[in-house]
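K.L.:
This is the structure I have questions about; it appears just below.
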Amino acid sequence: MAEVALRGITKSFGATPVLKGVDLDVADGEFVVFVGPSGCGKSTLLRAIAGLEEPDTGEVAIGGRTVNALSPSDRGVAMVFQSYALYPHMTVRQNMAFGLTLAKTQKTEIDRRVAAAADILNISDYLDRKPKALSGGQRQRVAIGRAIVREPQVFLFDEPLSNLDAALRVRMRYEFAALHQRLKTTMIYVTHDQVEAMTLADRIVVLNGGVVEQVGAPLELYDHPRTRFVAEFIGSPKMNLIPAEIVEASVAGATVRLADGATVRVGVDAAGARVGQPVQLGVRPEHLSLDGPGDAVAATATFVESLGAATYAYATVAGSAETLTVQLPGEVRVAVGEALSLRIAPDRAHLFDADGAAFRRQV
(Lines give C-alpha, C1' and ligand atoms only; values in the text may rest on other atoms or scores of the structure.)
Protein backbone atom coordinates (compact mmCIF):
# COMPACT_ATOMS: atom_id res chain seq x y z
CA MET A 1 0.00 0.00 0.00
CA ALA A 2 1.11 3.60 -0.55
CA GLU A 3 0.11 7.22 -0.34
CA VAL A 4 -0.18 9.32 -3.51
CA ALA A 5 0.92 12.98 -3.63
CA LEU A 6 0.29 15.35 -6.54
CA ARG A 7 1.97 18.74 -6.69
CA GLY A 8 1.18 21.41 -9.27
CA ILE A 9 -0.05 19.03 -11.97
CA THR A 10 -0.82 20.78 -15.25
CA LYS A 11 -1.71 19.31 -18.61
CA SER A 12 -2.79 20.83 -21.90
CA PHE A 13 -3.76 19.23 -25.18
CA GLY A 14 -2.69 21.69 -27.81
CA ALA A 15 -4.01 25.09 -26.78
CA THR A 16 -6.62 23.57 -24.44
CA PRO A 17 -5.66 23.41 -20.75
CA VAL A 18 -7.14 20.35 -19.07
CA LEU A 19 -5.44 20.39 -15.65
CA LYS A 20 -4.54 23.73 -14.12
CA GLY A 21 -2.25 23.10 -11.18
CA VAL A 22 -3.74 20.23 -9.15
CA ASP A 23 -2.44 19.57 -5.63
CA LEU A 24 -3.74 16.52 -3.80
CA ASP A 25 -2.75 14.01 -1.12
CA VAL A 26 -4.27 10.53 -0.98
CA ALA A 27 -3.54 8.65 2.24
CA ASP A 28 -2.28 5.08 2.41
CA GLY A 29 -5.27 2.72 2.15
CA GLU A 30 -7.76 5.48 1.35
CA PHE A 31 -10.59 5.17 -1.19
CA VAL A 32 -10.72 8.48 -3.06
CA VAL A 33 -13.19 9.25 -5.84
CA PHE A 34 -12.70 11.89 -8.55
CA VAL A 35 -15.99 13.36 -9.75
CA GLY A 36 -16.97 16.14 -12.10
CA PRO A 37 -18.66 16.80 -15.42
CA SER A 38 -17.31 15.56 -18.76
CA GLY A 39 -14.12 17.38 -19.70
CA CYS A 40 -13.27 18.44 -16.14
CA GLY A 41 -9.92 16.56 -16.19
CA LYS A 42 -10.67 13.65 -13.86
CA SER A 43 -9.61 10.86 -16.26
CA THR A 44 -6.56 12.84 -17.40
CA LEU A 45 -5.49 13.22 -13.77
CA LEU A 46 -5.91 9.48 -13.19
CA ARG A 47 -3.87 8.71 -16.30
CA ALA A 48 -1.15 11.08 -15.09
CA ILE A 49 -0.92 9.05 -11.87
CA ALA A 50 -0.76 5.83 -13.90
CA GLY A 51 1.91 7.19 -16.24
CA LEU A 52 -0.31 7.00 -19.31
CA GLU A 53 -0.21 10.80 -19.64
CA GLU A 54 2.84 12.91 -18.93
CA PRO A 55 2.05 16.15 -17.03
CA ASP A 56 3.36 19.35 -18.56
CA THR A 57 4.48 20.44 -15.09
CA GLY A 58 4.23 19.07 -11.59
CA GLU A 59 5.23 16.03 -9.58
CA VAL A 60 3.57 12.66 -9.05
CA ALA A 61 4.78 10.71 -6.00
CA ILE A 62 3.68 7.23 -4.93
CA GLY A 63 4.83 5.82 -1.62
CA GLY A 64 7.10 8.81 -1.11
CA ARG A 65 8.91 8.24 -4.40
CA THR A 66 8.67 10.61 -7.36
CA VAL A 67 7.53 8.52 -10.33
CA ASN A 68 7.38 11.04 -13.19
CA ALA A 69 10.28 9.37 -14.98
CA LEU A 70 9.02 5.81 -14.41
CA SER A 71 7.00 3.77 -16.89
CA PRO A 72 3.47 2.68 -15.92
CA SER A 73 4.67 -0.86 -15.20
CA ASP A 74 7.26 0.40 -12.71
CA ARG A 75 4.97 2.66 -10.68
CA GLY A 76 3.34 -0.04 -8.57
CA VAL A 77 -0.15 0.76 -9.88
CA ALA A 78 -2.82 -1.29 -11.64
CA MET A 79 -5.57 0.32 -13.69
CA VAL A 80 -9.06 -0.96 -14.53
CA PHE A 81 -10.68 0.76 -17.51
CA GLN A 82 -14.26 1.43 -18.58
CA SER A 83 -13.92 -1.24 -21.27
CA TYR A 84 -13.04 -4.69 -20.00
CA ALA A 85 -10.27 -5.14 -22.61
CA LEU A 86 -10.23 -8.93 -22.20
CA TYR A 87 -8.62 -11.19 -24.77
CA PRO A 88 -11.55 -13.09 -26.34
CA HIS A 89 -9.48 -16.15 -27.27
CA MET A 90 -8.16 -16.64 -23.73
CA THR A 91 -9.89 -18.16 -20.74
CA VAL A 92 -10.55 -16.16 -17.60
CA ARG A 93 -7.52 -17.81 -15.99
CA GLN A 94 -5.30 -16.87 -18.92
CA ASN A 95 -6.61 -13.30 -19.01
CA MET A 96 -5.90 -12.81 -15.32
CA ALA A 97 -2.45 -14.39 -15.58
CA PHE A 98 -1.37 -12.63 -18.77
CA GLY A 99 0.59 -9.78 -17.20
CA LEU A 100 2.35 -12.09 -14.78
CA THR A 101 3.24 -14.46 -17.60
CA LEU A 102 4.81 -11.61 -19.57
CA ALA A 103 6.80 -10.70 -16.45
CA LYS A 104 8.06 -14.32 -16.34
CA THR A 105 6.60 -14.92 -12.89
CA GLN A 106 6.91 -18.54 -11.73
CA LYS A 107 3.89 -20.66 -12.63
CA THR A 108 3.23 -21.71 -9.04
CA GLU A 109 3.12 -18.06 -8.00
CA ILE A 110 0.83 -17.19 -10.93
CA ASP A 111 -1.54 -20.01 -9.98
CA ARG A 112 -1.56 -18.85 -6.35
CA ARG A 113 -2.35 -15.24 -7.21
CA VAL A 114 -5.03 -16.11 -9.78
CA ALA A 115 -6.75 -18.50 -7.37
CA ALA A 116 -6.65 -15.94 -4.54
CA ALA A 117 -8.05 -13.15 -6.74
CA ALA A 118 -10.76 -15.41 -8.15
CA ASP A 119 -11.80 -16.34 -4.62
CA ILE A 120 -12.01 -12.67 -3.57
CA LEU A 121 -14.17 -11.85 -6.61
CA ASN A 122 -16.31 -15.02 -6.53
CA ILE A 123 -15.31 -16.06 -10.05
CA SER A 124 -13.49 -19.31 -9.24
CA ASP A 125 -16.15 -21.30 -11.13
CA TYR A 126 -15.51 -19.28 -14.31
CA LEU A 127 -11.72 -19.65 -14.62
CA ASP A 128 -11.94 -21.99 -17.60
CA ARG A 129 -14.59 -20.00 -19.47
CA LYS A 130 -13.91 -17.47 -22.19
CA PRO A 131 -15.19 -13.87 -21.95
CA LYS A 132 -18.06 -14.44 -24.41
CA ALA A 133 -19.58 -16.88 -21.91
CA LEU A 134 -19.66 -14.25 -19.14
CA SER A 135 -22.09 -11.48 -18.22
CA GLY A 136 -21.01 -7.85 -18.14
CA GLY A 137 -20.57 -7.92 -14.38
CA GLN A 138 -18.51 -11.12 -14.54
CA ARG A 139 -16.27 -9.62 -17.23
CA GLN A 140 -15.68 -6.58 -15.06
CA ARG A 141 -14.71 -8.85 -12.17
CA VAL A 142 -12.17 -10.53 -14.44
CA ALA A 143 -10.71 -7.14 -15.35
CA ILE A 144 -10.46 -6.31 -11.65
CA GLY A 145 -8.91 -9.72 -10.98
CA ARG A 146 -6.26 -9.02 -13.60
CA ALA A 147 -5.36 -5.93 -11.58
CA ILE A 148 -5.44 -7.71 -8.21
CA VAL A 149 -2.97 -10.42 -9.24
CA ARG A 150 -0.33 -7.74 -9.82
CA GLU A 151 -0.53 -6.93 -6.08
CA PRO A 152 -0.14 -3.19 -6.75
CA GLN A 153 0.40 -0.44 -4.23
CA VAL A 154 -2.42 1.60 -5.78
CA PHE A 155 -5.55 0.62 -7.73
CA LEU A 156 -6.83 3.07 -10.35
CA PHE A 157 -10.38 2.72 -11.69
CA ASP A 158 -11.58 4.75 -14.69
CA GLU A 159 -15.40 4.69 -14.76
CA PRO A 160 -15.47 0.89 -14.40
CA LEU A 161 -19.25 0.60 -14.04
CA SER A 162 -20.44 2.87 -16.83
CA ASN A 163 -21.01 -0.01 -19.28
CA LEU A 164 -23.29 -1.90 -16.88
CA ASP A 165 -27.05 -1.61 -16.49
CA ALA A 166 -28.51 0.27 -13.52
CA ALA A 167 -29.28 -2.76 -11.34
CA LEU A 168 -25.85 -4.28 -11.88
CA ARG A 169 -24.15 -0.97 -11.11
CA VAL A 170 -25.83 -0.97 -7.70
CA ARG A 171 -24.59 -4.52 -7.03
CA MET A 172 -21.08 -3.72 -8.23
CA ARG A 173 -20.89 -0.64 -6.01
CA TYR A 174 -21.35 -2.94 -3.03
CA GLU A 175 -18.68 -5.27 -4.37
CA PHE A 176 -16.17 -2.43 -4.83
CA ALA A 177 -16.76 -1.33 -1.23
CA ALA A 178 -16.32 -4.90 0.00
CA LEU A 179 -13.16 -5.28 -2.09
CA HIS A 180 -11.61 -2.20 -0.52
CA GLN A 181 -12.49 -3.42 2.96
CA ARG A 182 -10.84 -6.74 2.22
CA LEU A 183 -7.68 -5.52 0.47
CA LYS A 184 -7.26 -2.24 2.39
CA THR A 185 -5.23 -0.92 -0.54
CA THR A 186 -5.12 2.67 -1.78
CA MET A 187 -7.81 3.10 -4.44
CA ILE A 188 -8.53 6.06 -6.72
CA TYR A 189 -11.78 5.86 -8.65
CA VAL A 190 -13.08 8.12 -11.43
CA THR A 191 -16.79 8.50 -12.12
CA HIS A 192 -19.27 11.05 -13.44
CA ASP A 193 -21.93 9.48 -11.21
CA GLN A 194 -22.05 11.33 -7.89
CA VAL A 195 -24.18 8.51 -6.36
CA GLU A 196 -21.24 6.15 -6.86
CA ALA A 197 -18.97 8.75 -5.30
CA MET A 198 -21.21 9.23 -2.25
CA THR A 199 -21.55 5.50 -1.58
CA LEU A 200 -17.93 4.43 -2.17
CA ALA A 201 -15.58 7.22 -1.15
CA ASP A 202 -13.70 7.93 2.03
CA ARG A 203 -13.13 11.31 0.40
CA ILE A 204 -14.43 12.90 -2.79
CA VAL A 205 -12.41 15.20 -5.04
CA VAL A 206 -14.73 17.47 -7.04
CA LEU A 207 -13.07 18.72 -10.24
CA ASN A 208 -14.35 21.52 -12.42
CA GLY A 209 -12.56 22.96 -15.45
CA GLY A 210 -9.23 21.40 -14.52
CA VAL A 211 -9.14 22.67 -10.92
CA VAL A 212 -10.13 21.11 -7.61
CA GLU A 213 -13.29 22.77 -6.32
CA GLN A 214 -13.41 20.92 -3.00
CA VAL A 215 -12.08 17.79 -1.28
CA GLY A 216 -13.83 16.16 1.63
CA ALA A 217 -15.85 13.29 3.05
CA PRO A 218 -19.14 12.69 1.20
CA LEU A 219 -21.38 14.18 3.90
CA GLU A 220 -19.02 17.12 4.37
CA LEU A 221 -19.44 18.05 0.71
CA TYR A 222 -23.19 17.42 0.89
CA ASP A 223 -23.80 19.48 4.02
CA HIS A 224 -21.10 22.12 3.65
CA PRO A 225 -20.32 22.80 -0.03
CA ARG A 226 -17.85 25.62 -0.45
CA THR A 227 -19.10 26.65 -3.88
CA ARG A 228 -22.35 26.71 -5.83
CA PHE A 229 -20.85 24.21 -8.29
CA VAL A 230 -20.22 21.63 -5.56
CA ALA A 231 -23.66 22.26 -4.06
CA GLU A 232 -25.37 21.54 -7.39
CA PHE A 233 -23.14 18.63 -8.42
CA ILE A 234 -23.29 16.67 -5.15
CA GLY A 235 -26.80 15.47 -4.39
CA SER A 236 -29.61 13.95 -6.43
CA PRO A 237 -31.94 15.65 -7.14
CA LYS A 238 -29.65 18.65 -7.13
CA MET A 239 -29.92 21.59 -4.79
CA ASN A 240 -32.53 24.26 -5.54
CA LEU A 241 -31.18 27.79 -6.10
CA ILE A 242 -33.39 30.87 -5.77
CA PRO A 243 -32.28 34.42 -6.64
CA ALA A 244 -32.46 36.80 -3.67
CA GLU A 245 -30.87 39.87 -2.14
CA ILE A 246 -29.49 40.62 1.30
CA VAL A 247 -31.69 42.75 3.56
CA GLU A 248 -29.87 42.09 6.84
CA ALA A 249 -26.53 40.44 7.54
CA SER A 250 -24.33 39.63 10.53
CA VAL A 251 -22.03 36.92 11.82
CA ALA A 252 -25.13 35.28 13.34
CA GLY A 253 -27.04 34.96 10.06
CA ALA A 254 -28.66 36.72 7.12
CA THR A 255 -32.13 37.64 6.00
CA VAL A 256 -32.73 37.61 2.26
CA ARG A 257 -35.63 38.90 0.14
CA LEU A 258 -37.01 36.86 -2.76
CA ALA A 259 -38.55 38.21 -5.97
CA ASP A 260 -42.08 38.25 -4.53
CA GLY A 261 -40.97 40.19 -1.47
CA ALA A 262 -40.96 37.24 0.94
CA THR A 263 -38.05 37.14 3.39
CA VAL A 264 -36.13 34.06 4.53
CA ARG A 265 -33.72 33.76 7.45
CA VAL A 266 -30.53 31.79 6.70
CA GLY A 267 -28.13 30.47 9.33
CA VAL A 268 -24.80 31.52 7.80
CA ASP A 269 -21.93 33.79 8.74
CA ALA A 270 -22.81 36.82 6.63
CA ALA A 271 -20.61 39.38 8.37
CA GLY A 272 -19.02 40.44 5.07
CA ALA A 273 -22.27 40.84 3.14
CA ARG A 274 -23.87 44.19 2.32
CA VAL A 275 -27.51 45.17 2.17
CA GLY A 276 -28.83 44.86 -1.39
CA GLN A 277 -26.13 42.36 -2.41
CA PRO A 278 -27.46 39.79 -4.93
CA VAL A 279 -27.16 36.21 -3.70
CA GLN A 280 -28.63 32.79 -4.34
CA LEU A 281 -30.54 30.94 -1.65
CA GLY A 282 -29.80 27.21 -1.78
CA VAL A 283 -31.96 24.48 -0.29
CA ARG A 284 -32.00 20.75 -0.97
CA PRO A 285 -35.27 19.10 -2.06
CA GLU A 286 -35.59 17.11 1.18
CA HIS A 287 -35.12 20.26 3.27
CA LEU A 288 -38.27 21.91 1.91
CA SER A 289 -41.38 21.00 3.90
CA LEU A 290 -45.06 21.87 4.01
CA ASP A 291 -45.33 22.15 7.79
CA GLY A 292 -41.83 22.40 9.24
CA PRO A 293 -39.99 25.25 10.96
CA GLY A 294 -38.61 28.28 9.16
CA ASP A 295 -39.85 30.97 6.83
CA ALA A 296 -42.27 30.18 4.01
CA VAL A 297 -41.81 30.47 0.25
CA ALA A 298 -44.96 30.69 -1.88
CA ALA A 299 -44.98 28.35 -4.88
CA THR A 300 -47.36 26.55 -7.24
CA ALA A 301 -47.09 22.84 -8.09
CA THR A 302 -46.57 22.27 -11.82
CA PHE A 303 -45.75 18.55 -11.93
CA VAL A 304 -45.85 15.69 -9.42
CA GLU A 305 -44.07 12.33 -9.35
CA SER A 306 -45.34 9.73 -6.87
CA LEU A 307 -42.63 7.09 -6.49
CA GLY A 308 -43.97 5.17 -3.51
CA ALA A 309 -41.33 5.91 -0.87
CA ALA A 310 -41.20 9.57 -1.86
CA THR A 311 -43.25 12.17 -3.71
CA TYR A 312 -41.45 14.75 -5.83
CA ALA A 313 -43.32 17.98 -6.46
CA TYR A 314 -41.98 20.49 -8.96
CA ALA A 315 -43.14 24.00 -8.21
CA THR A 316 -42.62 27.52 -9.54
CA VAL A 317 -41.74 30.26 -7.07
CA ALA A 318 -44.09 33.23 -6.98
CA GLY A 319 -42.66 36.20 -8.84
CA SER A 320 -39.88 34.12 -10.39
CA ALA A 321 -39.25 31.72 -13.24
CA GLU A 322 -37.39 29.36 -10.88
CA THR A 323 -38.68 25.81 -10.50
CA LEU A 324 -38.09 24.07 -7.18
CA THR A 325 -37.85 20.33 -6.63
CA VAL A 326 -39.52 19.33 -3.37
CA GLN A 327 -39.04 15.87 -1.84
CA LEU A 328 -41.97 14.86 0.35
CA PRO A 329 -42.96 11.62 2.12
CA GLY A 330 -44.58 9.11 -0.21
CA GLU A 331 -47.97 9.34 1.47
CA VAL A 332 -48.22 13.09 0.86
CA ARG A 333 -50.50 13.97 -2.05
CA VAL A 334 -50.00 17.19 -4.01
CA ALA A 335 -52.12 18.24 -7.00
CA VAL A 336 -50.89 20.07 -10.06
CA GLY A 337 -51.87 23.73 -9.72
CA GLU A 338 -52.00 23.53 -5.92
CA ALA A 339 -50.61 26.52 -4.01
CA LEU A 340 -47.81 25.46 -1.69
CA SER A 341 -46.28 27.20 1.29
CA LEU A 342 -42.78 25.73 1.45
CA ARG A 343 -40.90 26.04 4.73
CA ILE A 344 -37.12 26.50 4.86
CA ALA A 345 -35.41 25.90 8.21
CA PRO A 346 -32.56 28.42 8.70
CA ASP A 347 -30.03 25.73 9.65
CA ARG A 348 -30.75 23.81 6.42
CA ALA A 349 -30.37 26.68 3.97
CA HIS A 350 -27.26 27.78 2.06
CA LEU A 351 -26.26 31.12 0.61
CA PHE A 352 -23.96 31.82 -2.35
CA ASP A 353 -22.56 35.11 -3.60
CA ALA A 354 -22.48 36.25 -7.23
CA ASP A 355 -19.17 34.44 -7.81
CA GLY A 356 -20.58 31.14 -6.52
CA ALA A 357 -18.71 31.13 -3.19
CA ALA A 358 -20.68 29.85 -0.22
CA PHE A 359 -21.23 31.78 2.97
CA ARG A 360 -20.08 29.55 5.83
CA ARG A 361 -23.01 27.80 7.44
CA GLN A 362 -23.40 27.89 11.22
CA VAL A 363 -22.36 24.58 12.77
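The values are calculated or read from the model by the stated rules, or taken from the named source; none is laboratory data. What you see is a predicted model, and the numbers here were worked out from it, not measured in a lab. Glycine also receives a Cβ, built like all others from the backbone with ideal geometry; neighbour counts cover every protein chain displayed. With ligands, DNA and RNA removed, areas are computed over all heavy atoms of the protein, side chains included. Shrake-Rupley method; radii C 1.70, N 1.55, O 1.52, S 1.80 Å.
K.L.:
Which residue, chosen from Pro278, Gly253, Gly267, occupies the Cα position most advanced towards the positive end of the dipole of segment 243-291, where the dipole is computed from +1 (Lys, Arg) and -1 (Asp, Glu) charges on Cβ about the Cα centre?
P.N.:
Pro278
K.L.:
Need one value: the accessible area of His224 in square angstrom, 1.4 angstrom probe, rounded to the nearest 10.
P.N.:
Looks like 80 Å² after rounding.
K.L.:
Let me ask something additional. Local charge sum around Lys130 (other residues, Cβ-Cβ under 15 Å, Lys/Arg +1, Asp/Glu -1)? If you can, show how the numbers build up before the last one.
P.N.:
On the way: positive: Arg93, Arg129, Lys132, Arg139, Arg141, Arg146; negative: Asp125, Asp128.
Around Lys130, the charge tally is +4.
K.L.:
Keeping all protein chains in place and using 1.4 angstrom, which order do Thr199, Thr325, Thr300 fall into by accessible surface area, from largest down?
P.N.:
On the way: Thr199 80, Thr325 20, Thr300 60 Å².
Output order, biggest surface exposure first: Thr199, Thr300, Thr325.
K.L.:
Roughly how much of Asp23 is accessible, in Å² to the nearest 10, using a 1.4 Å probe?
P.N.:
90 Å²
K.L.:
Would you mind getting me the FRET efficiency between Asp56 and Ala262? Use the beta-carbon distance for r and R0 = 45 Å, nearest 0.05. Walk me through the numbers before you get to the answer.
P.N.:
Numbers: r = 51 Å, r/R0 = 1.12.
The formula returns an efficiency of 0.35 here.
K.L.:
Label-point separation (nm) for Tyr87 and Ala166, each offset 7 Å from Cα along Cα-to-Cβ?
P.N.:
Taking the simple label geometry, Tyr87 and Ala166 are separated by 3.8 nm.
K.L.:
Quick check for me: using +1 on Lys/Arg Cβ and -1 on Asp/Glu Cβ, what's the dipole size of segment 241-363 about its Cα centre, in debye to the nearest 20? Before the final figure, lay out the partial values.
P.N.:
Details: 9 positive and 14 negative charges, 37 e Å.
Roughly 180 debye for segment 241-363.
K.L.:
To the nearest 0.05, what FRET efficiency results for Gln94 and Leu183 with a Förster distance of 22 Å applied to their C-beta separation?
P.N.:
Working: r = 23 Å, r/R0 = 1.04.
About 0.45, to the nearest 0.05.
K.L.:
Expressed as a whole percentage, what fraction of the accessible surface of the chain belongs to carbon and sulfur atoms when a 1.4 Å probe is rolled over the protein heavy atoms?
P.N.:
Values: 8250 of 16280 Å².
Carbon and sulfur together cover 51 percent of it.
K.L.:
Mind putting a number on the dipole of the chain about its Cα centre? Charges go on the C-beta only, +1 for Lys and Arg and -1 for Asp and Glu, and I need it in Debye to the nearest 20. Can you show the working numbers first?
P.N.:
Working: 37 positive and 41 negative charges, 255 e Å.
Charge dipole of the chain: 1220 debye, to the nearest 20.
K.L.:
Report the one residue of Ile344, Val297, Phe233 whose Cα lies farthest in the direction of the positive end of the charge dipole of the chain (charges on C-beta: Lys and Arg +1, Asp and Glu -1; origin at the Cα centre).
P.N.:
Most positive-ward Cα: Phe233.
K.L.:
Charges at C-beta only: +1 for Lys and Arg, -1 for Asp and Glu. How large is the resulting dipole of segment 1-67 about its Cα centre, in Debye rounded to 20?
P.N.:
On the way: 6 positive and 9 negative charges, 49 e Å.
Its charge dipole is roughly 240 debye.
K.L.:
Solvent-accessible area per residue for the chain at a 1.4 Å probe radius, Å²? Numbers along the way, then the final one.
P.N.:
Numbers: 16280 Å² over 363 residues.
I get 45 Å² per residue for the chain.
K.L.:
Accessible area of Ser73, 1.4 Å probe, to the nearest 10 Å²?
P.N.:
Taking all protein chains as shown, Ser73 has close to 80 Å².
K.L.:
While we're looking at this one, here's another question. For the chain, what does -39500 (n - 2.57) per DSSP helix run (n ≥ 4), summed and divided by total residues, give at 222 nm, in deg cm²/dmol to the nearest 500? Show your work: numbers first, answer last.
P.N.:
On the way: 8 runs with 85 residues, N = 363.
Only helices count here, giving -7000 deg cm²/dmol.
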